Amino acid sequence: MGRIILGVIAGFILWSILWIGSDQLLMAVWPEWYGEHQIMFQFAMNENKPFVPDSTILLMHIIRSIIISIIAGFFAALIAKENSRSTLALGILLLAFGTTVQIMAWNYLPIWYHLIFLVLLVPMTILGGKLKSTT
């Protein structure tokens, strides 16, 4: 049980590092496009101002989330030395945290984005774990 908990914690930390790290990388690579979008989004949330999101960036977020969730699920299974309970627990943790974040951003982003982002967290995390053989 301890390894499962460790796997879940490690998977969550890895997901967070990869998300923030890839966001920072994208902001550095495309400061006038991606970076400005992210800065304006943060400004809109902080100041309760209107915001018009870029659908391409939202799709990039969904793709990043899919890839990062698969990697985190694989990593959790690797640490836990099993690929079912650890990845399910990690997926549920990511969903709970993601729901909180999406609720904070609810008025600034389209519903299709919120729903797709959240719905894919658990299955992609489980898929990542399935890529790790239990042998």
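In degrees from 0 to 90, rounded to the nearest 10, what is the angle of the helix 55-80 Cα long axis to the longest principal axis of the chain?
20 degrees
Please list, ordered by chain and number, the residues whose modelled amide H lies under 5 Å from the amide H of Trp30; skip anything fewer than 5 residues away on the same chain.
Those lying under 5 Å, H to H, from Trp30 are Gly35.
Between Ile63 and Ile116, what is the label-to-label distance in nm when each label sits 7 Å out along the Cα-to-Cβ direction?
Placing both labels 7 Å beyond Cα along the Cβ direction yields 1.1 nm.
Given H placed 1.01 Å from N in the peptide plane, which residues other than close sequence neighbours of Ala105 have an amide H under 5 Å from its amide H?
Residues meeting the criterion, in which the H sits 1.01 Å from N, do not exist here.
Please compute the per residue accessible area over the chain with all protein chains in place, 1.4 Å probe, rounded to a whole number of Å². Don't skip to the end; give the middle numbers.
Details: 7650 Å² over 135 residues.
With all protein chains present, the chain gives 57 Å² per residue.
Any idea what angle helix 36-47 forms with the longest principal axis of the chain, computed on alpha-carbon atoms, 0 to 90 degrees, nearest 10?
80 degrees
Between Ile5 and Met104, what's the calculated FRET efficiency when r is the beta-carbon distance and R0 is 22 Å? Round to 0.05. If you can, show how the numbers build up before the last one.
Working: r = 27 Å, r/R0 = 1.24.
The pair Ile5/Met104 has a calculated efficiency of 0.20.
How many percent of the accessible area of the chain is carbon or sulfur, using a 1.4 Å probe? Mind showing how you got there, number by number?
Working: 5620 of 7650 Å².
Reported share for carbon and sulfur atoms: 74 percent.
Could you tell me the calculated FRET efficiency between Ser55 and Lys130, based on Cβ-Cβ distance and R0 = 35 angstrom, to the nearest 0.05?
Details: r = 31 Å, r/R0 = 0.87.
E(calc), rounded to 0.05, equals 0.70.
What number, in nm² with one decimal, is the all-direction average of the projected area of the convex hull of the alpha-carbon atoms of the chain? Don't jump to the answer; show the numbers that get you there.
On the way: hull surface 31.8 nm².
Its Cα hull, projected and averaged over all orientations, spans 8.0 nm².
The values are calculated or read from the model by the stated rules, or taken from the named source; none is laboratory data. This structure is a prediction, so every number in the text was calculated from the model and none was measured. Because the Cβ atoms are built from the backbone with ideal geometry, glycine has one as well, and the counts that use them run over all protein chains shown. The area values use the complete protein model at the heavy-atom level, side chains included, leaving out ligands, DNA and RNA. Shrake-Rupley method; radii C 1.70, N 1.55, O 1.52, S 1.80 Å.
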